[in-house]
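Asks: Quick one: the structure is below, questions incoming.
Here, each number is a calculation from the coordinates, and none is a lab measurement. Predicted model only: the values in this text are computed from it and were never measured. Cβ placement follows ideal geometry from the backbone for every residue including glycine, while neighbour counts extend to all protein chains displayed.
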Amino acid sequence: MSLEESRKKLTQMPEMSLARAEALPHSLCPGCGIGTILNTFLRAMHELEEEGKLDSSKLVVISGIGCSGRISGFVKTDSMHTTHGRPVAFATGVKLARPELNVWAFGGDADLFQIGLNHTLQAARRNIDIKVVMVNNFNIAMTGGVPTVTTPPKAITKYTPRGWFERSFNIPKLMASAGATYVARWTTAHVFQLKQTFKKMALRKGFSFLEVVSQCPVLFGRYNKFRDPWSMVDYFMKMSRVVKGPQYLEEAAIEFGKPILVGEFVETEAPEYTETIYEAEGVVRK
Amino acid sequence: MVKWRIEIIEDFCKGCEICVNICPITNLYKVGKVDKPVLRMSERFGYQGYPLVEVVDPTKCTGCHLCDHACPDLAIHVIKEE
Ligand SMILES: Cc1ncc(C[n+]2csc(CCOP(=O)(O)OP(=O)(O)O)c2C)c(N)n1
Ligand code: SF4
Ligand code: SF4
Ligand SMILES: [Mg+2]
């Protein structure tokens, strides 16, 4: 079968209606968790469209730079591949200019919590109706496996052969403190939960944040005794504890050998930024 | 009874073995509870040079959809047969 025929076969799969076949197979490594996130996202959006709850012509997928940042190139929706750390800033602009759009920002740990941290926190504080998905693969993969703000203490990377000596961010707690009205975390082992969360986020009004704990088998897993992609997914599956509610935020930091708390940490309501601005300025919402 | 067909887009598969490991029936096969697995790694290589996964016994598939949701390369699809 030629590559053209394979791409055609993909487009014939109904659930893959939003996959950008001409850009596939994608450039991510074998077994990369970002692919699973892409897969479940495509399925979630397709299901919503089937159910008549979403118009895919109103979807915008924005991403920054990094392996995670490549997601916007593989979806057949309006998309933007923006500068490193700025997917949330671009998403804010898109949402303010065209409030009727369903705006998603995808990024990696470094994209959204290192160089782009301020944008992420400010968007959460404003409660602007954008959906932010952070791929936590514990390292800066695209630049060769550099440690990052979510690298767990003692983890081995190419640059820290004797172990990483810093503490990592407690991402859900950070987002909750910044005022995010929806904060969830799942791993790439939770494929159905991921799909459901994407569907929920698409229909929710307000700032929604999802952290996906993901495997980077090539630049992180290999250095940390995870011999293949599956051993890391299996680890996520075995170490996950499902929780619900903000009382678990305190223990949500991820460390090796300790349970990974997953589930919905925050779900509240607050006035939405775009609506507030449009109302205050007397602009009729389209 | 509902029947399931498993389609593998071989040019897309990167042989990561996630589908083989996540499949509940294939796991039952590993501990000797069923006589054949649904999926296994083949001896063949695909367009990208990676080993390919193959379907052994689709009749045992329960349609749980774990493999096609977890595949990072959109390469495996579980389809309901009428
Ligand atoms: C302004 C700027 N600084 C630095 C870089 C180099 N750079 C490219 S990707 C990247 C980080 C990617 O890490 P992450 O967001 O965690 O994504 P991952 O590759 O791990 O999925 C960096 C620092 C850049 N492209 N632009
Ligand atoms: S380097 Fe890591 S994160 Fe990047 S594509 Fe490969 S496995 Fe995925
Ligand atoms: S079909 Fe997908 S999950 Fe299975 S080995 Fe191939 S790439 Fe990996
Ligand atoms: Mg990263």
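Asks: Amide H neighbours of residue A:75 under 5 Å, at least 5 residues apart or on other chains, H built in the peptide plane: list them.
Replies: A:20
Asks: How high is the FRET efficiency between residue A:281 and residue B:41 when r is their beta carbon distance and R₀ equals 51 Å, given to the nearest 0.05? Show your work: numbers first, answer last.
Replies: Details: r = 60 Å, r/R0 = 1.18.
Here the calculated transfer efficiency is 0.25.
Asks: What's the exposure ranking of A:230, B:4, going from fewest to most Cβ atoms within 10 Å? Mind showing how you got there, number by number?
Replies: Working: A:230 23, B:4 17.
Fewest-to-most ranking of A:230, B:4: B:4, A:230.
Asks: What are the ³J(HN,Hα) values, in whole Hz, obtained from phi via the Karplus relation 6.51 cos²θ - 1.76 cosθ + 1.60 with θ = phi - 60°, for each residue of region B:20-33 in sequence order, with x given for Gly and Pro?
Replies: 4, 7, 8, 5, x, 6, 4, 5, 5, 4, 4, 9, x, 8
Asks: Let me ask something else. Quick one: 3J(HN,Hα) in Hz for region A:211-223, Karplus 6.51/-1.76/1.60 with θ = phi - 60°, rounded, Gly and Pro as x.
Replies: Here the 3J(HN,Hα) series is 9, 10, 6, 9, 8, 10, x, 7, 10, 10, x, 3, 7 Hz.
Asks: Taking H placed 1.01 Å from N in the peptide plane, check which residues at least 5 places from residue A:213 or on another chain put their amide H under 5 Å from its amide H.
Replies: A:136, A:186, A:187, A:188
Asks: Hey, with R₀ at 22 Å, roughly what FRET efficiency would residue A:118 and residue A:53 work out to, going by the Cβ-Cβ distance, to 0.05? Mind dumping the intermediate values first?
Replies: Working: r = 33 Å, r/R0 = 1.51.
Calculated value: 0.10.
Asks: A further question follows. Give the range of the longest stretch in chain A that excludes all GluC sites (Glu not before Pro) found in loop regions by DSSP and having at most 14 other beta-carbon atoms within 10 Å. Mind dumping the intermediate values first?
Replies: Values: sites that count: A:51, A:100, A:166, A:255, A:269, A:281.
Value returned for the longest uninterrupted segment is A:167-254.
Asks: Once the piece of chain linking residue A:162 and residue A:241 is laid out straight, how much longer is it, given 0.36 nm per residue of separation minus the C-alpha distance between them? Kindly include the intermediate steps, with their values, before the conclusion.
Replies: Values: separation 79, 0.36 × 79 = 28.44 nm, distance 2.92 nm.
Separation in residues times 0.36 nm, less the Cα-Cα distance, equals 25.5 nm.
Asks: Which FRET efficiency value, to the nearest 0.05, is calculated for residue A:258 and residue A:97 with the Förster distance at 35 angstrom and r the Cβ-Cβ distance? Before the final figure, lay out the partial values.
Replies: Working: r = 43 Å, r/R0 = 1.24.
It comes out at approximately 0.20.
Asks: Report, as an integer, the average count of C-beta atoms from other chains found within 10 Å of each Cβ along A:1-9.
Replies: Details: counts 5, 2, 4, 1, 2, 8, 3, 1, 7.
Average neighbour count from other chains, rounded to a whole number: 4.
Asks: Here's something else I'd like to know. Computed over the Cα atoms, what is the radius of gyration of the protein assembly as shown divided by 2.2 N^0.38 Å, N being its residue count? Walk me through the numbers on the way to the answer.
Replies: Values: Rg = 20.3 Å, N = 368, 2.2 N^0.38 = 20.8 Å.
This ratio for the protein assembly as shown stands at 0.98.
Asks: In addition: If you take every DSSP beta bridge whose two residues both sit in region A:29-280, what share of them, in percent to the nearest 5, is antiparallel? Intermediate values should be presented prior to the final figure.
Replies: Numbers: 6 of 37 bridges.
Counting DSSP beta bridges with both partners in region A:29-280, the antiparallel share is about 15 percent.
Asks: For B:26, B:62, A:77, A:197, what ranking results if the residue with the fewest other Cβ atoms within 10 Å of its Cβ goes first? Please list the in-between numbers first.
Replies: Details: B:26 22, B:62 13, A:77 17, A:197 25.
Fewest-to-most ranking of B:26, B:62, A:77, A:197: B:62, A:77, B:26, A:197.
Asks: So, one more: Pairs A:158/A:225; A:58/A:200; A:195/B:14; A:53/A:195; A:58/A:173; A:200/B:30: which are spaced more than 25 Å apart, C-alpha to C-alpha?
Replies: A:58/A:173; A:200/B:30
Asks: Starting from region A:104-165, pick out the trypsin sites (Lys or Arg not before Pro) whose DSSP state is loop and whose Cβ has at most 16 other Cβ atoms within 10 Å. The partial results should precede the final answer.
Replies: Details: sites: A:125, A:126, A:131, A:154, A:158, A:162; in loops: A:154, A:158, A:162.
Sparse-neighbourhood loop trypsin sites (Lys or Arg not before Pro): A:154, A:158, A:162.
Asks: If you don't mind, another one. To the nearest 500 deg cm²/dmol, what mean residue ellipticity at 222 nm is calculated for chain A from DSSP H runs of n ≥ 4 alone, each contributing -39,500 (n - 2.57), summed and divided by the residues?
Replies: Numbers: 8 runs with 89 residues, N = 286.
Mean residue ellipticity, 222 nm, calculated: -9500 deg cm²/dmol.
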